[in-house]
Amino acid sequence: MAYSARVNKRRKGFRRKRTARSWVDRNFPSGFRGYPIATVAFYGPNDKLATKVVVSVFLNESNDPDLLQRWFTGGDLDIRQDLAIGEQILIFLKQYGPKSTVMTDGVIGCPHEEGVDYPEGTSCPQCPYWAGRDRFTHERIQ
């Protein structure tokens with residue numbers, strides 16, 4: 001019985017799922033090690049599902065990113081599990097060779113942009129979960 005369990009673990013269907021954290025950590029060290037710095041942030045309609053990832057690169061100490069790229073996924077597909085998008089992000093980052101990487105632990109807000117997708121100063125009508133919530137703690141603030 002033990003032998004068959006070891007054999008089954010090696011089969012392709014039993015591989016551990018890769019997550020966004022694993023593909024970034026494997027290629028770019030986390031923590032501050034100098035510039036350029038890459039940031040990776042996930043957004044979604046609630047705190048469980050990420051449908052947008054924003055990756056930015058700061059080439060030197062500045063207030064605004066020098067480069068910014070967004071990727072989206074539709075429906076119930078979590079972008080953190082999408083290996084094709086993960087590969088695109090790696091290709092994007094490898095061009096700039098970040099020495100430092102910062103990534104959010106989870107989803108930090110609505111994927112829609114205030115002032116672009118809905119009026120400034122209001123909550124997103126498509127993502128009621130985030131209305132009146134702190135985007136980092138997810139606790140109600142109103």
So Phe72, is it out of contact with any Phe, Trp or Tyr (no Cβ under 7 Å at 6 or more places or on another chain) and of a type in the set (Phe, Trp, Tyr): yes
Residue selected from the stretch 21-67 under the condition of a type in the set (Lys, Arg) and at pLDDT below 90, by the criterion farthest from Ile79 (Cα to Cα): Arg33
Matching strands (runs of 3 or more DSSP E) fully within the stretch 40-124 where at least 1 residues are under 12 Å from the mean Cα position of the chain (by Cα) and loosely packed, with under 14 Cβ neighbours inside 10 Å: 67-72, 100-107
Inter-residue pairs, beta-carbon under 8 Å, first more than 11 Å from Pro36 (Cα to Cα) and in the stretch 81-99, second exposed (fewer than 11 other Cβ atoms within 10 Å of the Cβ), 6+ apart: Gln81/Lys17
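The values are calculated or read from the model by the stated rules, or taken from the named source; none is laboratory data. Because the structure is predicted, anything quoted here is derived from the model rather than measured. Here Cβ is always computed from backbone atoms with ideal geometry, including for glycine, and neighbour counts include all displayed protein chains.
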